[in-house]
Protein chains: 4
Amino acid sequence: MSARAHTKQWRAGVLGATGMVGQRLVKLLSDHPWFELTAVAASERSTGKTYAEATRWHLEGPIPERARGLVVKDLDPSLDCDFVFSALDSSVAGEAEEQFARNGYPVVSNCKNHRMDPDVPLLIPEVNSSHVNSIPVQQKNRGYDSGFIVTNPNCSTAGLVLVLKPLADAFGMEKLFVVTMQAVSGAGYPGVPSLDALGNVIPYIGGEEEKMEAEPQKLLGKWDGHRFIDAGLGISAHCNRVPVVDGHLECVSVRLKKTATISEVREALRTFEVSEELASLPTALKHPVVVHDGEDRPQPRKDANTGHGMAAVVGRVRECPLLDVKLTLLSHNLLRGAAGAALLNAELLAARGFLKSRKAEPSEVEQATR
Amino acid sequence: MSARAHTKQWRAGVLGATGMVGQRLVKLLSDHPWFELTAVAASERSTGKTYAEATRWHLEGPIPERARGLVVKDLDPSLDCDFVFSALDSSVAGEAEEQFARNGYPVVSNCKNHRMDPDVPLLIPEVNSSHVNSIPVQQKNRGYDSGFIVTNPNCSTAGLVLVLKPLADAFGMEKLFVVTMQAVSGAGYPGVPSLDALGNVIPYIGGEEEKMEAEPQKLLGKWDGHRFIDAGLGISAHCNRVPVVDGHLECVSVRLKKTATISEVREALRTFEVSEELASLPTALKHPVVVHDGEDRPQPRKDANTGHGMAAVVGRVRECPLLDVKLTLLSHNLLRGAAGAALLNAELLAARGFLKSRKAEPSEVEQATR
Amino acid sequence: MSARAHTKQWRAGVLGATGMVGQRLVKLLSDHPWFELTAVAASERSTGKTYAEATRWHLEGPIPERARGLVVKDLDPSLDCDFVFSALDSSVAGEAEEQFARNGYPVVSNCKNHRMDPDVPLLIPEVNSSHVNSIPVQQKNRGYDSGFIVTNPNCSTAGLVLVLKPLADAFGMEKLFVVTMQAVSGAGYPGVPSLDALGNVIPYIGGEEEKMEAEPQKLLGKWDGHRFIDAGLGISAHCNRVPVVDGHLECVSVRLKKTATISEVREALRTFEVSEELASLPTALKHPVVVHDGEDRPQPRKDANTGHGMAAVVGRVRECPLLDVKLTLLSHNLLRGAAGAALLNAELLAARGFLKSRKAEPSEVEQATR
Amino acid sequence: MSARAHTKQWRAGVLGATGMVGQRLVKLLSDHPWFELTAVAASERSTGKTYAEATRWHLEGPIPERARGLVVKDLDPSLDCDFVFSALDSSVAGEAEEQFARNGYPVVSNCKNHRMDPDVPLLIPEVNSSHVNSIPVQQKNRGYDSGFIVTNPNCSTAGLVLVLKPLADAFGMEKLFVVTMQAVSGAGYPGVPSLDALGNVIPYIGGEEEKMEAEPQKLLGKWDGHRFIDAGLGISAHCNRVPVVDGHLECVSVRLKKTATISEVREALRTFEVSEELASLPTALKHPVVVHDGEDRPQPRKDANTGHGMAAVVGRVRECPLLDVKLTLLSHNLLRGAAGAALLNAELLAARGFLKSRKAEPSEVEQATR
């Protein structure tokens, strides 16, 4: 199935389009080969305005032309699109996503609310693409017709698990320590006050350690046709906020199941390669794990955009005196960890036939969004 | 022995007085009740100038009046003082400190060179004050007469071990993980370029992890009358540089020997109290470990000066899913981790009779430094 | 009138006590020789809680013991105190301050609302202490009995005018350019989002340029017994927010009325000295303008606390190719520019007999605040 | 003359290729349609190594493949190229550039040394392209054969003059104030220590104010066939270093010769458009001045890359109480202010026939750099 065949085949909506992650999605969709942004929705404060009026734009460059004039709708599940991304605040995401799914919309969510639901895939295509097979069970369980919910992990979990995957495949994995140094953009806008962030580190992010200790179990676990089987890892996480704009840095120590030399570990990371199917997705990288040889890398400000922000960059792979391997990893929290993650999930769903392009013909799309 | 009895009884010199740690020492000595700054020495570039001319002063407030006019000497062991602090660069510290010791000067060093020598105490008074008993052995080994070398640990080790001490005392300790987020002042001046530090984290500090994995073994070990017995801990350290001015933050997970509840651990930290002897030292705190109850503390910019920068501040004491206890700790890298550490060591040495006040009578001191 | 005579003679309340400026006032009052903090008030969200419960404390060290247990009251003008400081948000300050004044409370305000009122003094004791003579006129105009309102200037105006004063006195002044680089603490908490502040400058602060172009006219003008006569200066201000925690830096170019050499200008700044009366106020400095000789000073992080944050630090006094003199100045926005300014105003009012200590005897005070 | 016609027609060398500006040039040249990088030279420390070995790379993404293997030469004027860019340190640039010019190389310099020479053009193509006509006079004066020196202005002058140009054209200009807030990348690497930059502003940059007060006179002046006639502007500059990575922000107040409304001024800026000839240069923008309507823009971190870093972004155009117009402007100090400026100058020189492509045929180029 070639990219050309998909051209603008699906119409996408974005729930929570005015927030930090929503803006990234709007930007990424503006020149996406398969998806066309046809609807934006947000909390009541913004509805009725155009997207340009409603949005305090945080990204480099202007608001994409395609999005500027779209009228921001409320969260009623009657948007003119074939599926929705959800970048809603967690206070409203849970129910809104269910309503959209119940009304026939595939929901590709970045929100935490349904991640650990027993019938909702928590998905990183390069890690556990087979988990999409849980979707029919979810639909049956919940009485959804064509709608369903798929989620991506928490921003600090995404990069971690992507790096753990080749190690788990090659050597098995028992347990790990991880300490994060997370960028302020992960807290949204206005998010972290500058009086807290400037020249400081905040050694606490509400709920983050719990997510990092739980989500990898599901991501690295298995869907057995009926339910998700946890990976059974021991995980201990400490999460910190540092005065960095974009890019979560993580110090990790890992105990493997099989003995491996450091150079075998480095090789497993360096040669990690996705399948042909995945590599053909527009947002995917053939090699999503990049090993940096600099002794003082990866660094957030210099390396977060590696692979258009979709790579996990690994450095300082070395022996751990307590477990087996120590390393440092970095991933872009808003791309690999949020908007890019959701986009890649949607691409996988499209490639696997989970997204139906509804009624619309091109001319209708044009009219609908004029 | 009262503080009054000691008044200005000892004349101190500072080697490396123009650097970051040297400046802190000069400032701390300017109103010290026991020690009078009578000599400053530095690398050749500065010698012959007054201290005010030779120094790019980094601290708040002006250069202390007492120090301004002192002429900076070279590293020849003929300074007019009863003992010296060494805050030299490690490229010259090793030999210079030996020369001073050989020429009869007690050397209270902040440098790494002799820390792990088998007959040199690596000293934190609140942790292992009995290690000073190795001094006579050192003098005999090396043929030193009245001189000797005493060292304090690396800046990131100091706060860590101070917090481990009450836990090791109460419950025993097997192993620990530590990830540091260290302030730029720890790298000296000019140190870390702003192009590397701004909005960034550098996941590497040369030699730091090795120090953190080695020094606690000696600090928490024992002097058996002949040699130092390692504590036999398993330690794994990751060290990072963050854009913070002062204060090293550390995320720690610990395996204890005895089972303990979190509230027992917190209590052991909270009630940690030094002996009467130590509490009477001018720079000592009765309770050098401070437990902060805020869920997002300690924070470097807000808490590094706790206890005049001599406290280790602990927060977020909680269960670790892999080991037993997780916590976050903070200490001021230039005070508890360097200048204050050396000063406290000198005070202990004075109190225990290891510092002899030479020839000088007050009037002579006045003349010598006029 | 000695400090001793005043000891804890007046009971002070703080309106807006939980905000950034309010916290500074609470801290400054905790060891003030004349004033005792007996009441705190704030917006409705906080009322009924103790001060410790209601406040997210931003300052180094703990909340002062004296303040912790005070119950936060609402803005009803029935507080148990002899006068109030107002650090309220401007959305409520205007009316609240009038109500307190009408009910007999002297109001020492940091808020902008009444600064430019034709019968309210805008006061910097070192600059225009005679403006307090407008108070009886204000009371008569407004039918206030013993209450009245006195204000201090905007945080960026305070340091500027303090530096202009000796120049205006010595040489006269025609016009000036000023460009500010202001600290984030000037925007309160949460204030400036870190996503805007990190590694960035925001070239706009709402309403700030207007204040800086208007307030100096009144401050450097005269009270003629009936009304304030503007100084008639030409002023152009550009205001910027920089990623600095505390301390507003300002680049100024000035046209004087009389010809003066640069060394005469520097001398006028250096020798500026307040009267005996002012020098005896607890918060006053004998020399509130400090000239720093370093070619790259003043710098906010290093110099903002000069003179306990009550000095204006001047550097780089040099010729201006367009006007006469160029210089850079710095003052602490929360001390000289807000809380310290208000405190000094209150001290002047006390010294001049404008604050009456009401009914209270010590024992009553104790009971009232237990 | 189409871009195609020029394809890789000239072989470029970079002097000072390992520094901050040199790296930007190397990167910009890596995909330039006209110029091929065939030689890199630097100070002695680096010579003999490959560019990849000699360079501590500071830019996003890897070192361009084309440059990695080039052997770094010393500053001997025998490089294999048709012209050179000079990004040398000013301590060696003066003489080295003369030697290259004397040996037949056109030198396109970013260095300050020859900027104010009476026969060297200080060039911004959009501002004073006719100044290239001084080149034959320079060659005659100095006895250069085909070589010559052309310079671009200081990084903070570049953006300023670009914005002044349309105002000078439309209304004439008498005088101006400018206060800069300059990024740390302008100081090179290691440049500003983080201990000075973090949470701070440094109100001094050596020599910068002098450059800003002198260079615009030449840039906005005229070449009369024999010499440069100054623009005769009154200029006063204050220069500051702020903790920003890239992008110099400037607050400017201007006195025009003709009366103009603010909307006329804004219109003159907005409609400023370069000639067809200039617009066809690969690095040029049709509209190099971009007016941003946001009330708090331009901001360095968000807007410095506007127009690939070659635009000057203007905001907050408003009345000045003292002069006529106030505005804020931003330009990328390493692109518009250095590497991009030099590249654009070279493109103009190429388009006007000042660069001769020497002997080399494509196959030879390939060999020379293999």
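Read-outs throughout are calculated quantities, based only on the coordinates presented, and are distinct from any laboratory measurement. Small disclaimer: the values here were computed from a predicted structure and weren't measured. Heads up, the Cβs are rebuilt from the backbone with ideal geometry, glycines too, and the neighbour counts pull from every protein chain shown.
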Per GNM of chain B with C-alpha springs under 10 angstrom, the most fluctuating residue out of B:Gly191, B:Gly309, B:Gly232 is B:Gly191
Here region B:155-331 gives, from Cα atoms, an Rg and Dmax in Å of 16.2, 50
Against the 2.2 N^0.38 Å rule of thumb, the C-alpha Rg of region D:236-368 sits at a ratio of 1.31
quick note, the protein assembly as shown, DSSP beta bridge pairs, % antiparallel (nearest 5) is 45
A correct Stokes-Einstein calculation for region A:126-191, using the alpha-carbon Kirkwood radius, 20 °C and 1.002 mPa s, returns a whole-number D in µm² s⁻¹ of 143
With a Förster distance of 56 angstrom and the Cβ-Cβ distance between C:Arg66 and B:Ser90, calculated FRET efficiency to the nearest 0.05 equals 0.70
PRE zone check, label point 7 Å out along Cα-to-Cβ of C:Arg352, amide N under 16 Å, scope region C:208-234, hits C:218-229
Which residues qualify? For B:Lys49, with a placed amide H closer than 5 Å and at least 5 residues away or on another chain, they are B:Val72
Residue by residue through region A:36-42, the couplings from Karplus 6.51 cos²θ - 1.76 cosθ + 1.60 with θ = phi - 60°, in Hz, x for Gly and Pro, are 10, 6, 10, 8, 10, 9, 7
Computed, not fitted: 222 nm per-residue ellipticity of chain C from DSSP H runs ≥ 4 (each -39500 (n - 2.57)), nearest 500, equal to -8000 deg cm²/dmol
When C:Ile135, B:Ile229 are arranged by how many other beta-carbons sit within 10 Å of their Cβ, fewest first, they go B:Ile229, C:Ile135
Partner shielding of D:250-257, as the mean number of partner chain Cβ atoms within 10 Å, equals 3
Along region B:292-304, Karplus-curve 3J(HN,Hα) (6.51, -1.76, 1.60; θ = phi - 60°) to the nearest Hz, with x for Gly and Pro, reads 9, 8, x, 5, 10, 10, x, 10, x, 5, 9, 10, 5
Per residue convex hull volume, Cα only, region A:185-257, in Å³ is 121
Averaged over the residues of A:50-59, the number of partner chain Cβ atoms within 10 Å of each residue's own Cβ comes to 1
For the protein assembly as shown, Rg(Cα) over 2.2 N^0.38 Å is 0.96
Filtering GluC sites (Glu not before Pro) in region C:1-102 by DSSP loop and by at most 16 other Cβ atoms within 10 Å leaves C:Glu60
Chain B, Gaussian network, Cα under 10 Å: of B:Pro77, B:Pro288, B:Pro203, the residue fluctuating most is B:Pro203
Projected onto the charge dipole of region A:155-331 (unit charges on the beta-carbon of Lys, Arg, Asp and Glu, signs +1, +1, -1, -1), the Cα from A:Leu176, A:Gly188, A:Pro282 with the largest positive-side position is that of A:Leu176
Largest fluctuation, D:Arg241, D:Arg301, D:Arg24 only, Gaussian network model of chain D with Cα springs under 10 angstrom, belongs to D:Arg301
Measuring from its Cα centre, chain A shows a charge dipole (+1 at each Lys and Arg Cβ, -1 at each Asp and Glu Cβ) which, in debye to the nearest 20, is 220
extent check for region B:278-336: Cα max minus min per principal axis, descending, whole Å, gives 41, 25, 19
Partner shielding of A:321-334, as the mean number of partner chain Cβ atoms within 10 Å, equals 3
Applied in sequence order to region B:106-120, the curve 6.51 cos²θ - 1.76 cosθ + 1.60 (Karplus, θ = phi - 60°) yields integer Hz couplings, x standing for Gly and Pro, of x, 10, 9, 10, 9, 8, 7, 3, 9, 4, 9, 4, x, 10, 10
For B:Asp82, the residues 5 or more places away or on another chain with a placed amide H closer than 5 Å to its own amide H are B:Arg11, B:Ala12, B:Gly13
Taking Cα atoms only, Rg over Rh for region C:55-148 with Rh from the Kirkwood formula is 1.01
Where a ≥ b ≥ c are root eigenvalues of the Cα gyration tensor, a/c under 1.5 meaning rounded, otherwise prolate if a/b exceeds b/c and oblate otherwise, region D:73-230 counts as oblate
Chain D: antiparallel bridges as % of DSSP beta bridges, rounded to 5, reads 45
In region D:202-270, taking the dipole from +1 charges on Lys and Arg beta carbons and -1 charges on Asp and Glu beta carbons about the Cα centre, the listed residue (D:Gln217, D:His248, D:Ile202) farthest towards the positive end is D:Gln217
Per-residue Cβ contact counts at 10 Å, fewest first, order A:Asp76, D:Asp31 as D:Asp31, A:Asp76
Within region C:120-228, DSSP-loop trypsin sites (Lys or Arg not before Pro) with at most 14 other C-beta atoms within 10 Å are C:Arg227
Per residue, the convex hull enclosing the alpha carbons of region A:160-208 has a volume in Å³ of 104
To the nearest 0.05, the calculated FRET efficiency linking B:Asp74 and D:Lys49 through their beta-carbon distance, R0 being 30 Å, is 0.25
Magnitude of the Cβ-charge dipole (Lys and Arg +1, Asp and Glu -1) of the protein assembly as shown about the Cα centre, nearest 20 debye, reported as 0
Residues whose modelled amide H sits under 5 Å from the amide H of C:Glu174, counting only those 5 or more places away in sequence or on another chain, are C:Arg255, C:Leu256, C:Lys257
Here the membrane-span-like helices of chain A, with no claim about any membrane, defined by DSSP H, Cα axial extent at least 24 Å and mean Kyte-Doolittle at least 1.0, are A:155-171
Checked region D:1-107 with the C-alpha gyration tensor, a ≥ b ≥ c its square-rooted eigenvalues, rounded below a/c of 1.5, otherwise prolate if a/b is larger than b/c and oblate if not; verdict oblate
Dividing the alpha-carbon radius of gyration of chain B by 2.2 N^0.38 Å, where N counts its residues, gives 0.96
Per-residue Cβ contact counts at 10 Å, fewest first, order B:Ile262, D:Ile63, A:Ile149 as B:Ile262, D:Ile63, A:Ile149
